Amino acid sequence: MRPLEPGYSRFLIAPVPGEGIDACPAELLSPFGLIRTQWTMTDGAFQITVDVPAGTAAVVRTPHGGEHELGPGFHELASTGTVGETTRAHREAKFSP
């Protein structure tokens with residue numbers, strides 16, 4: 001994760017699997033709240049989840065060449081290796097009081 005705008009109001013997630021690394025969870029506490037992501041690469045299929053805090057946006061670059069801008073909420077992306085063949089799911093973030 002790295003900021004694209006001050007305070008992580010817009011940030012980049014660009015996993016680079018390989019060399020024995022086929023999964024990675026990561027968390028970062030930004031001024032807007034907790035950013036969470038976890039990705040896996042299994043037999044060429046890439047999957048990632050991203051929890052984007054309110055007031056922010058994430059740019060996710062997949063190892064297969066896709067790039068996705070995601071707004072606040074919980075997102076799941078999956079790709080099989082063909083550029084443009086990415087599925088997306090989005091759920092609104094639910095925060096406990």
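Laid out as a table, the results:
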item: Selection count where residues are touching a Leu at 6+ places or on another chain (Cβ under 7 Å) and touching a residue at least 12 places away in the same chain (Cβ under 8 Å), scope the stretch 9-46; result: 4
item: The stretch 2-40 - residue that is out of contact with any Asp or Glu (no Cβ under 6 Å at 6 or more places or on another chain) and among the charged types (D, E, K, R) and, of those, nearest to Glu69 (Cα to Cα); result: Arg10
item: Test: residue in the stretch 35-55 that is surrounded by fewer than 13 Cβ atoms within 10 Å (Cβ to Cβ), out of contact with any Cys (no Cβ under 8 Å at 6 or more places or on another chain) and among the hydroxyl-bearing types (Ser, Thr, Tyr); result: yes
item: Segments classed as strands (runs of 3 or more DSSP E), wholly inside the stretch 3-97, with at least 1 members that are modelled with pLDDT of 90 or more; result: 10-13, 23-30, 33-42, 45-52, 57-61, 67-70, 73-79
item: Subset of the stretch 10-24 (residues that are surrounded by fewer than 14 Cβ atoms within 10 Å (Cβ to Cβ) and under 19 Å from Thr56 (Cβ atoms)); result: Ala14
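The values are calculated or read from the model by the stated rules, or taken from the named source; none is laboratory data. What you are looking at is a predicted structure, and each value in this text was computed from that prediction instead of being measured. Positions of Cβ are generated from backbone atoms using ideal geometry, with glycine treated the same way; all protein chains shown enter the neighbour counts.
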